[in-house]
Every structure is written in structure tokens, then in C-alpha cells.
Amino acid sequence: QVQVVESGGGLVQPGGSLRLSCAASGFTVDHFAIGWFRQAPGAEREGVSCISSRDDNSWYADSVKGRFNISRDNAKNTVYLQMNSLKAEDTAVYSCAAGPPITTCEAVPYASWGQGTQVTISA
């Protein structure tokens, strides 16, 4: 079965960096789309970034563009989200999800979700 598990969350000071991992099983990430999402308390879940094997496309939310980078390690069957220049507003539970690469990754109907990992930005 298609399954993803997030890791790498934690506490970091503003301006710091953190790398999240999305480990996949039951499929290969180089044949699927992977999306990163986040949800802060009292807020709706929002898309952060995604990557797809379809034309190897990637996408970033405007709020993280230039600060975050998504990458794929096929050998480890893992997708990473490198987060730099972190801000307090980046604090959220981050989740990754997998879906079929039938369109650009931001439009994929993600169906397989991880449990989420907490990212807290605080001085």
C-alpha cells in the first residue's frame, strides 16, 4: 500500500533551518507526486511545496518561495523539504502526501497522507 512517513520536525530559532523527510513505502517517489502541506492552530491546511515525476515539475507557495527547497532522493525513496530562513509564521504541523502524477503536482488529488511532524519557530 502507498504510505508516507514524515520526520525531522522540531524547535528552531527564527532565521534557522530545518530539513523534513518524507519516507515512502509501497511505491517509488520517482513515479508519484509528493506534496508538503502545513496547518497551524486555527488555520486551514495549506500547500507548501510539491514535486512530481510528471515532467519532474515542482511548485512552491509564495510564502515560502526562495526559502524552501523540495528535493527527491530516488535511492532512499524519500522526498525532502529543506526549510531556510524560518519565520514564526512557519510554525505548523507539516504533513506529506502522495498521489498519482496525472497533472502538475499542485493539482494532484493526494490520497495517502502521513501523520505529520511539528515544526516550531521560536526565539
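The values are calculated or read from the model by the stated rules, or taken from the named source; none is laboratory data. As the structure is a prediction and not an experimental result, all values here were calculated from the model. Please note: Cβ atoms are built from the backbone with ideal geometry, for glycine as well, and neighbour counts cover all protein chains shown. Surface areas here come from the heavy atoms of the whole protein model, side chains and all, with no ligands, DNA or RNA. Shrake-Rupley method; radii C 1.70, N 1.55, O 1.52, S 1.80 Å.
General observations
- Solvent-accessible area of residue 76, all protein chains in place: 130 Å² (probe radius 1.4 Å, heavy atoms, ligands and nucleic acids excluded).
- The loop-placed GluC sites (Glu not before Pro) in segment 1-99, going by DSSP, that have at most 12 neighbouring Cβ atoms within 10 Å of their Cβ come out as 44.
- For the chain, the dipole from Cβ point charges (+1 on Lys and Arg, -1 on Asp and Glu) about the Cα centre works out to 200 debye, to the nearest 20.
- Accessible area (Å², per residue) of segment 1-104, counting only protein heavy atoms and a probe of 1.4 Å: 49 Å²
- Shown is the FRET efficiency for residue 55 and residue 7, computed with R0 = 41 Å from the Cβ-Cβ distance and rounded to the nearest 0.05: 0.90.
- Sulfur and carbon atoms: percent of accessible area, segment 27-89 [1.4 Å]: 43 percent
- Label-to-label distance, nm, for residues given as residue 89 and residue 67 (7 Å Cα→Cβ offset): 0.8 nm
- If the segment from residue 106 to residue 46 were pulled out straight at 0.36 nm per residue, it would be longer than the present Cα-Cα gap by 20.5 nm.
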